[in-house]
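The values are calculated or read from the model by the stated rules, or taken from the named source; none is laboratory data. The shown structure was predicted, so the numbers you read here are calculated from the model rather than taken from an experiment. Methodologically, a virtual Cβ is constructed for each residue, glycine included, from the backbone with ideal geometry; neighbour enumeration extends over all protein chains shown.
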Amino acid sequence: MQQKGWTGYFFEDFTLGMKLKGPTPRTMTDGEIALYIALTGDRTPHFCGPRRLIHPLIIFHTVFGQTVRQISLNARANLGYADMRWIAPVFVGDTLSIYMEIIGLKENSSRDSGVVYVKNTAYKQDGTEVMRFTRWVMLRKRTSHPTPFLDQPHLPSLPKIVPPEELALFEETLPTFEQCGGRWAFEDYQIGERIFHYDGMTMNDSDQMTFTRLFQNSAKVHFDRHKMNGTPLLYGGLAISHGYAQAFNGLEMRLGLRALNSGHHTHPTHSGDTLYTFTDVLDKASLPDPSVGALRLRMIVVKNLDPSEFSESGQTFPITQEDPHKPGKTQYPSHIVLDLDYWEILPRQAALIA
Amino acid sequence: MQQKGWTGYFFEDFTLGMKLKGPTPRTMTDGEIALYIALTGDRTPHFCGPRRLIHPLIIFHTVFGQTVRQISLNARANLGYADMRWIAPVFVGDTLSIYMEIIGLKENSSRDSGVVYVKNTAYKQDGTEVMRFTRWVMLRKRTSHPTPFLDQPHLPSLPKIVPPEELALFEETLPTFEQCGGRWAFEDYQIGERIFHYDGMTMNDSDQMTFTRLFQNSAKVHFDRHKMNGTPLLYGGLAISHGYAQAFNGLEMRLGLRALNSGHHTHPTHSGDTLYTFTDVLDKASLPDPSVGALRLRMIVVKNLDPSEFSESGQTFPITQEDPHKPGKTQYPSHIVLDLDYWEILPRQAALIA
Amino acid sequence: MQQKGWTGYFFEDFTLGMKLKGPTPRTMTDGEIALYIALTGDRTPHFCGPRRLIHPLIIFHTVFGQTVRQISLNARANLGYADMRWIAPVFVGDTLSIYMEIIGLKENSSRDSGVVYVKNTAYKQDGTEVMRFTRWVMLRKRTSHPTPFLDQPHLPSLPKIVPPEELALFEETLPTFEQCGGRWAFEDYQIGERIFHYDGMTMNDSDQMTFTRLFQNSAKVHFDRHKMNGTPLLYGGLAISHGYAQAFNGLEMRLGLRALNSGHHTHPTHSGDTLYTFTDVLDKASLPDPSVGALRLRMIVVKNLDPSEFSESGQTFPITQEDPHKPGKTQYPSHIVLDLDYWEILPRQAALIA
């Protein structure tokens, strides 16, 4: 008789165009909001007030968790994200589900693994699309027998950035400077500016397990110390959320990320690591709504080294360095754990004064 | 003057037929649901969606916690459960209370402790009975002076199993295969089948303390490292909930346990232990509602040894072994921490297709 | 360009009469209530039932957290509280904000720090004042250049106690003895009585970080193990809440603290410390509402030493001892971490019987 417990797909099990849906449709509540605050310390007023708007990263983690059973139980690494868009606001009481489609396959030359590209689309109960994103993940193969995708990989065409004119506009209730404790509107940020967020946060297994379970992400590597030689891998999403929570300091008026152009987990984190964050302003864009503008930001999360202290010496904290083993190539220094390129929405001065 | 702080009853304080009620009536909310998911990772769709149905184990832990102050502050061990029934569904907004009655007393031959049998009945605010169960617990005595229950123990008559025809039927909203990520309806399970659930979960003091406090269980042994020589005993209910959460994998369409025939905490667990779970299908029963059936399941929770890996060698994982000190008697191997025999409700194929 | 990340005020930045407001207006929900129970184990029925009344200490921690960014990012120590009053009940759905005013300044003779006295007033969304308190905090100076407040400190006049006739009276729904598991009404307590609460609770970094983040308190010393040499300082408010949660045992009928006369964090606590609590009855007062009375209580929280066991030997547990370095002066023994003097409301016998 077939074992009923599910052990997950391997690289060979996926086909181009394959469609999947994972458990569990999840209703968003005040409980998820309070837990998200308790686990990250995020202070963005937009997501703490009476409107009960769900934080974009709560939406992301919830629907990401729904993909794990079908996509990544046998993952070696979660390689990257692209073309992530938050399309409609989500409120307490909404129920989220995700649909997945396999849009790319590439077997690695090692023949023991391959990369699967997955397009994800999340809906709420009335059929409204609320979010979409593509992620790619390295999956183990069942055997070393080659697949057609060794010689003929199929790679999807993915945008490097989400064009700002395609950012969804929500009906916003703007916060005040007083509510945010901040002083900076859209116009105050300049391209090329670097913002240090100063706060450091030390990770621990209990917090990361609770966070990962909150989003019903069942990847074993985060939970089983027995099999992980005592050091479970922290869920990469935790670094995203802690980085974003720390980035409140200096981006206090923000209304929430609206698109993620690209994202890479560059090194793993473990219990005991302390995370620090800084942000580079990459670009600015006007939007059809004259009360707000979009900042393209690069958020870098660093472990066990405070980049603001490093920079006090007058040096610029490097995001990439030369790869000693590959002349002419660059790599991320080992203390950088996350490189995220996203569009953030901020109010304009005029709208705040009016 | 009498000390006002309560130090709990001892064996001698209980009398047959004694009735008790403990603090604290507790209102069920979205907060309890979100925390239960965050602490266990349970993904059963029935308890995550817009109906805001309260998980049967949230109900159990809540009302169990209400018994601790009156019954088990001076417990040596929580010995077993029988005749546990979930009688009516509980939703967000309902407030739960418990009534206790002493139905059995037996002093141990050591004269330093005795066993108290307690019948527990839980109600919601409108007087509807929502749950009942019997548990027995070993309590310390105040003195070595013998009681009448040394020579004449009074043992209640308890059913070995809850007859399936007595299982309460709730008005169910059936999940779909898509929502659950599962493939198996009631008919797909066979008596004698063993289901491995694969996921391992490592316990830690923070999670177990948070879980135990969530249910206002005030038993000191779970919280005071100073007096427990650095290793608090994990609340036994935690193993029940983690085992059940893991058992989602292979029982995805389940609608929730409806009765517990028997339950035994066979060995203690501590921070650092990793729990794995498997389930044996003991029996199947038809129910008056033709859309569902009942599976009688035996859930075994194991620490620090993955029973699915053990079984890959072709051996059957043993639940009991010969007791080396008592020839002819059996005992639980030291890595088995929980043996639970319960009735689970699952949809039938026809109801899912219709 | 000015760094946008905020690094906090120093002593020199404050002026008398300066008014401030910090982030983040926060809506109280079932999520906050459930998390507070899960993190403290508080069992007071008044704050667990269907009325969805917010625990006075949830209100305190929430609005305290809102002051950190403006007041205490560069704090050396949180020295004390006075004149703290809960003025109106807060329910699920209410949104809390705080206003601060600098009412005293005193530079220390060391010239590297000074004490800032802050009057805090918290409101809910409709403008109702719900709470106020004064706290004073030692802040680092930017430079050793003296300020006018070295020679001419300005110290506010603060009441030693909140007069009981000024305690706010809420429309109360009294609990029953059954709901609380308690046996004692207002009349049963006597001035001079000492109540041991027996329960011990061991602290850990995960729980304290989650608790502190829940209230959006961003003081770095609680979160950054890297900079704190591996031992973050526990948020002092955690000892307040665990002490109060433990004090349920012996004060089961309580309706919640209504004023705090004074409070001192006397020694720091760290992960691994086990907290025990006892309470001395300092005074009793009648109130205009004949169904309730006010007890003035002194709550002492002790680390790593159970005061009830100490007292079994017949000795009285000392709250202060002679300072070996300052003859004639007293100090707190090193295991006492909190000394809190507050007014608690309890039902009278007649109101419970009626």
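Evaluating B:TYR36 against the criteria (1) assigned to a loop (DSSP other than H, G, I, E, B); (2) in contact with a Ser or Thr (Cβ under 9 Å, 6 or more places away or on another chain); (3) hydroxyl-bearing (Ser, Thr, Tyr) leaves one unmet condition, (1).
Take C:ASP283 and decide whether it is among the acidic types (Asp, Glu), farther than 22 Å from C:LEU39 by Cβ and in a strand (DSSP E or B). Taking the combined requirement at face value, the residue satisfies it. Quick check on region A:68-87. Is at least one of its residues facing another protein chain (nearest Cβ under 8 Å), more than 16 Å from the chain's Cα centre (by Cα), crowded, with 23+ Cβ neighbours inside 10 Å and of a type in the set (Lys, Arg)? Yes: one or more hits. Looking at region B:130-141, is at least one residue farther than 17 Å from B:LEU73 by Cα and either of a type in the set (Asp, Glu) or free of Cβ contacts under 8 Å to residues at least 12 places away in the same chain (or both)? No, region B:130-141 contains no residue that is farther than 17 Å from B:LEU73 by Cα and either of a type in the set (Asp, Glu) or free of Cβ contacts under 8 Å to residues at least 12 places away in the same chain (or both).
Any idea how many residues of region C:39-65 are part of a helix (DSSP H, G or I) and within 12 Å of another protein chain (Cβ to nearest Cβ)? Lay out the reasoning, then the answer.
As a first pass, look at region C:39-65 and keep what is part of a helix (DSSP H, G or I): C:39-40, C:45-47, C:56-65.
Restricting the remaining residues to those that are within 12 Å of another protein chain (Cβ to nearest Cβ) gives C:39-40, C:45-47, C:58, C:61-62, C:65.
So the count comes out to 9.
Give region A:88-120 a look and list any residue that's more than 14 Å from every other protein chain (Cβ to nearest Cβ), within 23 Å of A:ALA259 (Cα to Cα) and not in a loop (DSSP other than H, G, I, E, B), or say none.
Selection gives A:GLU101, A:ILE102, A:ILE103, A:GLY104, A:VAL116, A:TYR117, A:VAL118, A:LYS119, A:ASN120.
Between A:LEU53, A:LEU35, A:LEU20, A:LEU39, the distinction of being of a type outside the set (D, E, K, R) and farther than 24 Å from A:ALA239 by Cβ belongs to A:LEU20 only. The set of residues in region B:140-162 being among the small types (Gly, Ala, Ser) and more than 11 Å from B:ARG111 (Cβ to Cβ) consists of B:SER157 alone.
Can you tell which of C:ARG225, C:ARG254 is out of contact with any helix residue (DSSP H, G or I) (no Cβ under 6 Å at 6 or more places or on another chain), within 27 Å of C:ARG132 (Cβ to Cβ) and basic (Lys, Arg)?
Values: C:ARG225 fails: within 27 Å of C:ARG132 (Cβ to Cβ).
None of the others qualify; the one that does is C:ARG254.
In region C:161-174 there is at least one residue matching the filter, namely being in contact with a helix residue (DSSP H, G or I) (Cβ under 9 Å, 6 or more places away or on another chain), more than 14 Å from chain B (Cβ to nearest Cβ) and either assigned to a strand (DSSP E or B) or not basic (Lys, Arg) (or both). Note on region A:1-38: residues that are more than 7 Å from chain B (Cβ to nearest Cβ) and either crowded, with 17+ Cβ neighbours inside 10 Å or over 24 Å from B:TYR189 (Cβ atoms) (or both) amount to 18. One residue stands out among those in region A:295-354 that are assigned to a loop (DSSP other than H, G, I, E, B), of a type in the set (Gly, Ala, Ser) and modelled with pLDDT under 95: the one that is surrounded by the most Cβ atoms within 10 Å (Cβ to Cβ), which is A:ALA354. Considering every residue within region B:115-138, establish whether at least one is of a type in the set (Phe, Trp, Tyr) and farther than 21 Å from B:HIS61 by Cα. No; the residues of region B:115-138 include none that is of a type in the set (Phe, Trp, Tyr) and farther than 21 Å from B:HIS61 by Cα. Given the criteria in a strand (DSSP E or B), of a type in the set (A, V, I, L, M) and at pLDDT below 95, does A:ALA82 qualify? No; evaluated as a whole, the condition is false for this residue.
Can you name every residue in region A:194-211 that is part of a helix (DSSP H, G or I) and either more than 7 Å from every other protein chain (Cβ to nearest Cβ) or in contact with a strand residue (DSSP E or B) (Cβ under 6 Å, 6 or more places away or on another chain) (or both)? Those that are part of a helix (DSSP H, G or I) and either more than 7 Å from every other protein chain (Cβ to nearest Cβ) or in contact with a strand residue (DSSP E or B) (Cβ under 6 Å, 6 or more places away or on another chain) (or both): A:GLN208, A:PHE211.
Checking each residue of region A:253-264 against the condition of being under 15 Å from the mean Cα position of the chain (by Cα) and not in a strand (DSSP E or B) gives at least one match. Report yes if C:ILE103 is over 30 Å from A:ILE54 (Cα atoms), buried (at least 19 other Cβ atoms within 10 Å of the Cβ) and outside the structural domain of C:CYS180 (by TED's automatic domain parsing), otherwise no. In short, yes. For region B:18-67, the set of residues classified as within 20 Å of the chain's Cα centre (by Cα) and of a type in the set (Gly, Ala, Ser) consists of B:GLY22, B:ALA34, B:ALA38, B:GLY41, B:GLY65, listed by residue number.
Output the residue which, of all residues in region C:287-315 that are touching a residue at least 24 places away in the same chain (Cβ under 8 Å) and among the polar types (S, T, N, Q), is farthest from C:PHE133 (Cα to Cα). The qualifying residue farthest from C:PHE133 (Cα to Cα) is C:SER311. Against the conditions (1) in the same structural domain as C:THR15 (by TED's automatic domain parsing); (2) part of a loop (DSSP other than H, G, I, E, B); (3) farther than 14 Å from C:ILE87 by Cβ; (4) of a type outside the set (Phe, Trp, Tyr), C:MET138 satisfies every one except (2).
Listed residues B:THR210, B:THR274; which is β-branched (Val, Ile, Thr) and crowded, with 23+ Cβ neighbours inside 10 Å?
Just a single option satisfies the conditions, and that option is B:THR210.
When each of C:PRO148, C:PRO164 is tested for being at pLDDT 95 or above and surrounded by fewer than 18 Cβ atoms within 10 Å (Cβ to Cβ), the lone residue that passes is C:PRO148.
Please work out which residue is nearest to the other protein chains (Cβ to nearest Cβ), limiting yourself to region B:212-242 and to residues that are touching a His at 6+ places or on another chain (Cβ under 8 Å) and not in a loop (DSSP other than H, G, I, E, B).
Filtering first and then ranking leaves B:LEU214.
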